[in-house]
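Here is the structure we will look at, set down as structure tokens.
The values are calculated or read from the model by the stated rules, or taken from the named source; none is laboratory data. A quick note: this is a predicted structure, and the numbers were derived from the prediction, not measured. Every residue, glycine among them, receives a Cβ derived from its backbone with ideal geometry; neighbour counts consider all protein chains shown. Surface accessibility is based on the protein's heavy atoms, side chains included, excluding ligands, DNA and RNA. Shrake-Rupley method; radii C 1.70, N 1.55, O 1.52, S 1.80 Å.
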Amino acid sequence: MKLAVIGSNMTDLTSYVNRMPRPGETLESTGFTVGRGGKGANQAIAAARCGAEILMLSCVGGDVFGEATIANFKANGIDVSHLKRIQALQSGTATIVVDTNGQNCIVIHKGANNALLPEDVDAAEEALKTCSMILLQLEIPLDTVRRAVEVGHRNGVPVLLNPAPAKAELDMETVCACDFFVPNETELSLLSGRKTDTRQEIEAAAMELIRRGLSHVIVTMGARGALWMTQEGAKYVEAHMVKAVDTTGAGDAFIGCFAAHYVRGGNVLDAMRAGCDFAALSVMRRGAQASYPTQEEVEAFLAEHV
Ligand code: RIB
């Protein structure tokens, strides 16, 4: 079972602080890490950790960050035959601040990620046809995302769209052409135009998207677990109660793990449970990809917590 991830890669420059800085303030950090991130790359690595074969379409620059990104994909057994490198560009970076509750603020510089174009998707169409699912996010140009949705549709390959980071320009036509739409509460609110603070509001907003033509909406709700909405109604998977030290990349952990399990077993709720387990472990450690557990670690955690 091969998954295609068409998306971003970033180098995460993370400072850990006792509290978030105020505008104009200089704060001293309690720690700093340089790690591999980017929503696309995170989802690819998470899925690979869960046993999926991955085809990665992404674009890096000519700098050392690009080199490290390629080396990381290779070290994780990811197919980089459709990876693009443009020497004149900077690779994507994310400047991240994480507080003692594990919450983060992120500023991304997309760099070479902006140069992943619709024609790159066309060039990979033969390879994409052989995949069991295509995973998309919004850290690459929207036209590239739209082309990937078209290619998936044309070839009968299911498409999962994670609308992150939230973008007002995302159109309902693109959204409705996807098989799985996986927002968090904020992204769901932006697209549905509704409030999403309570479970009732989240259900109503997800149902609104189902009414507009989507088949599956899965809302990731952090410590509150995940909701699956279809025409039949809502189903919930609860999250494990754990002490979060860094939530960066937890949504990506859920999605990559969900996709790997779904294409293997075909059961949405089982795949969501696996995604919640995997994401719970990821928030207990620092970093995005650096926090993703091995299968042995997941099994040990479940033996203790279930
Ligand atoms: O979703 C988390 C990711 O968002 C980080 O790894 C960072 O790179 C940003 O893209």
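With respect to Leu117, determine if the residue is free of Cβ contacts under 8 Å to residues at least 40 places away in the same chain and open to solvent by less than 30 Å² (accessible area, probe 1.4 Å).
Here the answer is no, as Leu117 does not meet what is asked.
Between a residue in the stretch 283-306 that is at positive phi and at pLDDT 95 or above and any residue that is surrounded by 12 or more Cβ atoms within 10 Å (Cβ to Cβ) and in a loop (DSSP other than H, G, I, E, B), which pairs come within a Cβ distance under 7 Å, given they are 6 or more apart or on different chains?
Final answer for the pair search is Gly287/Asp246; Gly287/Thr248.
Quick one: which residue in Phe278, Phe258 is in contact with a helix residue (DSSP H, G or I) (Cβ under 8 Å, 6 or more places away or on another chain), open to solvent by less than 20 Å² (accessible area, probe 1.4 Å) and closer than 26 Å to Arg211 by Cβ?
Residue meeting the stated conditions: Phe258.
Considering only the stretch 154-171, how many residues are within 17 Å of Val263 (Cβ to Cβ) and away from the ligand (no atom under 16 Å from the Cβ)?
Residues flagged as within 17 Å of Val263 (Cβ to Cβ) and away from the ligand (no atom under 16 Å from the Cβ) within the stretch 154-171 amount to 5.
Looking at the stretch 1-110, what strands (runs of 3 or more DSSP E) fall wholly within it and have at least 1 residues that are touching a residue at least 60 places away in the same chain (Cβ under 8 Å)?
In the stretch 1-110, the matching strands (runs of 3 or more DSSP E) lie at 2-6, 10-16, 31-37, 53-57, 59-61, 93-98, 104-109.
Condition (residue is within 15 Å of the ligand (Cβ to nearest atom), out of contact with any strand residue (DSSP E or B) (no Cβ under 8 Å at 6 or more places or on another chain), under 21 Å from Thr294 (Cα atoms) and open to solvent by less than 10 Å² (accessible area, probe 1.4 Å)) applied to the stretch 16-39: is it met by at least one residue?
Checking the stretch 16-39: not a single residue is within 15 Å of the ligand (Cβ to nearest atom), out of contact with any strand residue (DSSP E or B) (no Cβ under 8 Å at 6 or more places or on another chain), under 21 Å from Thr294 (Cα atoms) and open to solvent by less than 10 Å² (accessible area, probe 1.4 Å).
Can you say whether Val98 is open to solvent by less than 10 Å² (accessible area, probe 1.4 Å), under 30 Å from Asp179 (Cβ atoms) and either within 15 Å of the ligand (Cβ to nearest atom) or hydroxyl-bearing (Ser, Thr, Tyr) (or both), as far as the supplied structure shows?
no
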